[in-house]
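Peer 1: Submitted below is the structure of interest, expressed as structure tokens.
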Amino acid sequence: MIKNIARVCSALSLALVPLLSAPAAQAAPAPEVTTLADAVGLVKVVEEDRTGYSRSSFKHWNSGDDATDGCNTRAEILLAEAVVAPTVEAGCKLTGGAWTSYYDGQEVSSAGSLDIDHMVPLAEAWDSGASAWSAARREAYANDQGADVSLVAVTARSNRQKSDQDPADWMPPSPEAQCRYVGEWVSTKLRWDLTADDRELEALKVYSEGPCEDTVVRYTPAA
């Protein structure tokens with residue numbers, strides 16, 4: 001009897017060892033927080049090169065953050081940004097709902113009228129350092145939901161007007177959106193350690209030292 005009790009106690013002790021010795025779950029890293037001017041100063045300046053670029057080099061849309069929900073990254077962004085939640089039907093078909101496209105201030109009531117814009121376009125990312133990345137990292141970039149600013153639901157018209165241009169050549173038509181946009185652009189560049197060319201950096205400085213000097217930038221470097 002005593003031997004049996006000893007065996008049970010020994011077994012329990014062994015079972016508890018992994019629990020007692022397991023490291024605590026790591027907390028998510030705190031974001032870097034800085035002024036727009038200081039954030040712009042952190043962006044490295046390198047001449048851009050689009051040699052070899054193809055949109056297909058960035059796999060998207062993949063199964064998104066939740067591979068079990070039947071929705072791809074595009075649909076998950078639409079669900080996250082809806083101001084009135086749409087109905088999710090079979091195959092993750094979205095019906096109804098409402099969104100605000102912050103680039104142009106338009107109210108949108110059809111998911112099909114929206115594009116999911118990469119804050120820093122894929123071609124611009126390629127020019128700015130992504131050409132040297134692995135295919136897996138480019139896929140992670142193209143589907144990045146780890147930062148709220150990386151992907152944004154906007155009207156198809158505004159997204160296509162933007163195309164692959166940087167802030168030296170395009171800014172949101174809504175003046176109220178411009179400081180937010182510059183801050184999110186710089187945040188994305190820093191998150192992914194992307195560079196800027198001279199014209200782009202000068203444009204960012206104009207905003208950071210002028211109308212957007214009070215803008216705060218938050219970013220967490222991508223893993």
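The values are calculated or read from the model by the stated rules, or taken from the named source; none is laboratory data. Keep in mind the model is a prediction, meaning the values are calculated, not measured. As a convention, Cβ positions derive from the backbone with ideal geometry for all residues, glycine included, and neighbour counts pool all protein chains shown. We work out accessible area using only protein heavy atoms, side chains counted, and drop any ligands, DNA or RNA first. Shrake-Rupley method; radii C 1.70, N 1.55, O 1.52, S 1.80 Å.
Peer 1: Just for strands (runs of 3 or more DSSP E) wholly inside the stretch 31-142: which have at least 2 residues that are open to solvent by less than 30 Å² (accessible area, probe 1.4 Å) and modelled with pLDDT of 95 or more?
Peer 2: 99-101, 114-118
Peer 1: Can you tell which of 193, 164 is in contact (Cβ under 8 Å) with a residue 40 or more places away in the chain, farther than 20 Å from residue 36 by Cα and surrounded by fewer than 20 Cβ atoms within 10 Å (Cβ to Cβ)?
Peer 2: Among 193, 164, only 164 is in contact (Cβ under 8 Å) with a residue 40 or more places away in the chain, farther than 20 Å from residue 36 by Cα and surrounded by fewer than 20 Cβ atoms within 10 Å (Cβ to Cβ).
Peer 1: Is it the case that the stretch 149-161 has a residue that's open to solvent by 20 Å² or more (accessible area, probe 1.4 Å), within 18 Å of the chain's Cα centre (by Cα) and among the charged types (D, E, K, R)?
Peer 2: Checked the stretch 149-161: no residue is open to solvent by 20 Å² or more (accessible area, probe 1.4 Å), within 18 Å of the chain's Cα centre (by Cα) and among the charged types (D, E, K, R).
Peer 1: With (1) over 18 Å from residue 81 (Cβ atoms); (2) assigned to a loop (DSSP other than H, G, I, E, B) as the list, and residue 147 as the residue in question, which single condition is left unmet?
Peer 2: So the condition that residue 147 fails would be (1).
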